[in-house]
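The values are calculated or read from the model by the stated rules, or taken from the named source; none is laboratory data. Everything quoted here is computed from the prediction, not taken from an experiment. Backbone-built Cβ (ideal geometry, glycine too); neighbour counts: all protein chains shown.
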Amino acid sequence: MSIEILARIQFAFTIAFHYIYPPLSIGLGIILVLMEGMFLATKNVMYERMAKFWVKIFALTFAMGVATGIVMEFEFGTNWATYSRYVGDVFGSALAAEGIFAFFLESGFLAILVFGWNRVSPKVHFFATCMVSLGSMLSAVWIVVANSWMQTPAGYHIVGEGMNARAEIVDFWAMVFNPSSVHRLLHVISAAWLAGATVVLSVSAYYLLKNRHQEFAKSSLKIAVVLLTIASLFQLATGERSAVGVSKNQPAKLAAFEAHYDSSSIAPFYLFGWVNEKEERVQFGIAVPKMLSFLVHGNFTTPVTGLGAFKKEDRPPVNIIFQTYHIMVGIGIILIIIGFASLYLWWKGTLFTNKLMLKVFVASVLLPQIANQAGWFSAEVGRQPWIVYNMLRTSEGLSQTVKAEQIVFSLILFTVIYLLLFALFIFLLDQKIKHGPEESTEIPSEYEHQKQIFAS
């Protein structure tokens with residue numbers, strides 16, 4: 001196996017494992033804001049209990065995200081040194097901004113969020129919760145900006161020649177608001193909200209099925225259902241806008257999404273299928289005729305650029321992108337259906353008693369995670385053979401001195417460590433869920449506690 005493939009596998013594995021946790025942090029962060037905000041507005045101690053319970057899950061997820069994300073920073077220097085030298089001035093500025101403006105904000109208020117109960121006023125604690133949630137989303141902003149610049153580079157120029165050539169920023173805001181960053185960011189945020197909503201949905205449904213913490217579970221479930229429905233529709237809208245942007249900025253990627261080869265033909269939208277790359281056709285597929293042309297151009301008569309317009313060496317691998325893209329889209333549709341079915345059952349008054357739907361809720365926690373991974377693979381593999389689109393090939397970004405056996409050894413080591421970390425995460429998460437929320441009689445209301453303090 002070549003050094004390039006090994007290095008890509010290693011980076012894909014580490015970032016795919018890391019990407020389990022940031023979306024959960026972002027999604028749970030906005031849920032904590034909603035719960036604490038509702039507590040301040042209503043003084044209902046149930047919302048305080050909910051916030052206290054989900055803070056524990058958030059803190060565990062945040063810690064895992066930090067632990068698993070550090071490795072990737074080192075991989076840029078070990079396996080991708082040429083890439084780092086060539087675009088480090090651009091890519092590094094976005095990563096530095098993430099550390100300065102996002103991570104410090106998030107971690108700075110985290111202690112108040114986790115340990116500030118009964119130590120600060122409810123309003124101060126709510127402010128800390130908002131800052132942590134904002135920090136988690138700002139972190140996503142800068143990471144998506146950095147990655148989007150690799151997809152659609154802008155605001156730079158090349159200085160030097162040969163091995164000394166490198167990209168430098170000439171317009172910082174053009175780099176930040178590159179052609180794909182805004183749509184991709186909104187799509188990522190909506191996916192993170194779905195990840196957080198389904199965790200709350202799953203645990204709440206589990207409690208209802210087990211006949212435990214009934215009132216707590218019902219209140220949590222309502223918030224999760226509302227967020228799930230809104231986020232699923234938002235994700236559909238942002239996904240459509242992002243796909244239109246891909247058609248303009250990375251036409252080979254969009255053509256690979258739908259295995260569309262002929263630029264002169266009206267493009268269908270496949271529901272599923274299997275791509276025969278040798279014969280350049282989709283087998284066993286069902287498609288909606290002309291639908292891709294409509295989604296891209298707003299009409300059913302304009303052709304879409306096909307893979308045939310690109311040299312074979314400039315095309316991404318098609319079948320894997322086709323499959324992951326359609327998995328992502330399919331799960332997105334399923335989540336919309338779950339959201340509206342939940343609202344219907346809520347309206348009928350059977351949301352908390354329909355055991356089939358509650359079992360669906362329990363399993364739904366896996367859907368955003370699968371969709372997030374599939375979407376990431378679609379975006380990153382779809383950029384190939386470029387590590388920076390139309391600027392630097394992936395094969396050219398490798399370190400010149402790294403050896404295959406070094407990558408294999410580190411990949412095995414990372415796999416073992418990450419599996420242990422994941423087992424620890426699942427164990428601790430299971431323990432917290434089984435323990436459940438504290439009873440309201442055991443923990444006084446923050447509001448009542450503060451009244452006692454000020455009265456004394």
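Per-residue answers, yes or no, for (1) among the acidic types (D, E); (2) under 20 Å from L227 (Cα atoms); (3) in a helix (DSSP H, G or I):
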residue: W347; (1), (2), (3): no, yes, yes
residue: L351; (1), (2), (3): no, yes, no
residue: F361; (1), (2), (3): no, yes, yes
residue: A374; (1), (2), (3): no, no, yes
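Kindly list the number of the only condition in (1) in contact with a Gly (Cβ under 8 Å, 6 or more places away or on another chain); (2) over 26 Å from V199 (Cα atoms); (3) surrounded by fewer than 19 Cβ atoms within 10 Å (Cβ to Cβ) that fails for Q250.
(3)
Are any residues in the range 304-313 over 12 Å from H260 (Cα atoms) and in a helix (DSSP H, G or I), and if so, which ones?
Across the range 304-313, the qualifying residues are K312, E313.
Is there a residue in the range 164-176 that is assigned to a strand (DSSP E or B), out of contact with any Ser or Thr (no Cβ under 7 Å at 6 or more places or on another chain) and surrounded by 21 or more Cβ atoms within 10 Å (Cβ to Cβ)?
Yes, some residue in the range 164-176 is assigned to a strand (DSSP E or B), out of contact with any Ser or Thr (no Cβ under 7 Å at 6 or more places or on another chain) and surrounded by 21 or more Cβ atoms within 10 Å (Cβ to Cβ).
Could you list, in sequence order, the residues of the range 90-101 that are touching a Phe, Trp or Tyr at 6+ places or on another chain (Cβ under 6 Å) and either surrounded by fewer than 21 Cβ atoms within 10 Å (Cβ to Cβ) or under 23 Å from L60 (Cα atoms) (or both)?
Residues of the range 90-101 touching a Phe, Trp or Tyr at 6+ places or on another chain (Cβ under 6 Å): 90, 94, 97-98.
Answer for the range 90-101, where residues must be touching a Phe, Trp or Tyr at 6+ places or on another chain (Cβ under 6 Å) and either surrounded by fewer than 21 Cβ atoms within 10 Å (Cβ to Cβ) or under 23 Å from L60 (Cα atoms) (or both): A97, E98.
Can you tell me which residues in the range 256-267 are over 12 Å from S293 (Cβ atoms) and among the hydrophobic types (A, V, I, L, M, F, W, C)?
A256, F257, A259
Which is in the same structural domain as T229 (by TED's automatic domain parsing), of a type outside the set (V, I, T) and in a loop (DSSP other than H, G, I, E, B), of P316, P368?
Selected residue: P316, the only one of P316, P368 that is in the same structural domain as T229 (by TED's automatic domain parsing), of a type outside the set (V, I, T) and in a loop (DSSP other than H, G, I, E, B).
Could you pull out the residue among T238, T229, T301, T324 that is part of a loop (DSSP other than H, G, I, E, B) and either polar (S, T, N, Q) or at pLDDT 85 or above (or both)?
Matching residue, one of T238, T229, T301, T324: T301.
For A192, state whether it is within 29 Å of I15 (Cα to Cα) and buried (at least 24 other Cβ atoms within 10 Å of the Cβ).
Working: within 29 Å of I15 (Cα to Cα): yes; buried (at least 24 other Cβ atoms within 10 Å of the Cβ): yes.
Judged against the criteria, A192 is a match.
Would the range 33-40 turn up any residue that is closer than 27 Å to E215 by Cβ and in contact with a Leu (Cβ under 7 Å, 6 or more places away or on another chain)? Let's see the steps before the verdict.
Residues of the range 33-40 closer than 27 Å to E215 by Cβ: 33-40.
Retained after the next criterion (residues that are in contact with a Leu (Cβ under 7 Å, 6 or more places away or on another chain)): none.
Within the range 33-40, none of the residues are closer than 27 Å to E215 by Cβ and in contact with a Leu (Cβ under 7 Å, 6 or more places away or on another chain).
Restricting attention to the range 120-165, which residues are farther than 24 Å from T82 by Cβ, in contact (Cβ under 8 Å) with a residue 40 or more places away in the chain and over 24 Å from the mean Cα position of the chain (by Cα)?
Answer for the range 120-165, where residues must be farther than 24 Å from T82 by Cβ, in contact (Cβ under 8 Å) with a residue 40 or more places away in the chain and over 24 Å from the mean Cα position of the chain (by Cα): S121, P122, K123, H125, F126.
Among the residues of the range 96-119, how many are under 19 Å from Y47 (Cα atoms) and either touching a residue at least 24 places away in the same chain (Cβ under 8 Å) or charged (D, E, K, R) (or both)?
5
Would you be able to say whether some residue in the range 356-363 is among the basic types (K, R), touching a residue at least 40 places away in the same chain (Cβ under 8 Å) and crowded, with 16+ Cβ neighbours inside 10 Å? Step through it out loud before you land on a result.
To start, the set of residues in the range 356-363 that are among the basic types (K, R) comprises 359.
Remaining after also requiring touching a residue at least 40 places away in the same chain (Cβ under 8 Å): 359.
Remaining after also requiring crowded, with 16+ Cβ neighbours inside 10 Å: none.
No; the residues of the range 356-363 include none that is among the basic types (K, R), touching a residue at least 40 places away in the same chain (Cβ under 8 Å) and crowded, with 16+ Cβ neighbours inside 10 Å.
Considering each residue of the range 337-390, count those that are under 23 Å from the mean Cα position of the chain (by Cα) and basic (K, R), and give that number.
1
Inside the range 54-101, can you point out the residues that are among the hydrophobic types (A, V, I, L, M, F, W, C) and within 23 Å of A154 (Cα to Cα)?
So in the range 54-101, the residues among the hydrophobic types (A, V, I, L, M, F, W, C) come out as 54-55, 57-60, 62-64, 66-67, 70-72, 74, 76, 80-81, 87, 90-91, 94-97, 100-101.
Correct list: F76, W80, A81, V87, V90, F91, A94, L95, A96, A97, I100, F101.
Tally the residues that are part of a strand (DSSP E or B) and within 22 Å of R315 (Cα to Cα), restricting the search to the range 272-298.
The total comes to 9.
Looking only at the range 247-259, count every residue that is over 19 Å from V282 (Cβ atoms) and in a helix (DSSP H, G or I) and tell me the total.
Residues in the range 247-259 being over 19 Å from V282 (Cβ atoms) and in a helix (DSSP H, G or I): 2 in total.
Tell me yes or no: at least one residue of the range 393-412 is assigned to a strand (DSSP E or B), within 21 Å of R85 (Cα to Cα), out of contact with any helix residue (DSSP H, G or I) (no Cβ under 6 Å at 6 or more places or on another chain) and not assigned by TED's automatic domain parsing to the domain that holds F257.
Checked the range 393-412: at least one residue is assigned to a strand (DSSP E or B), within 21 Å of R85 (Cα to Cα), out of contact with any helix residue (DSSP H, G or I) (no Cβ under 6 Å at 6 or more places or on another chain) and not assigned by TED's automatic domain parsing to the domain that holds F257.
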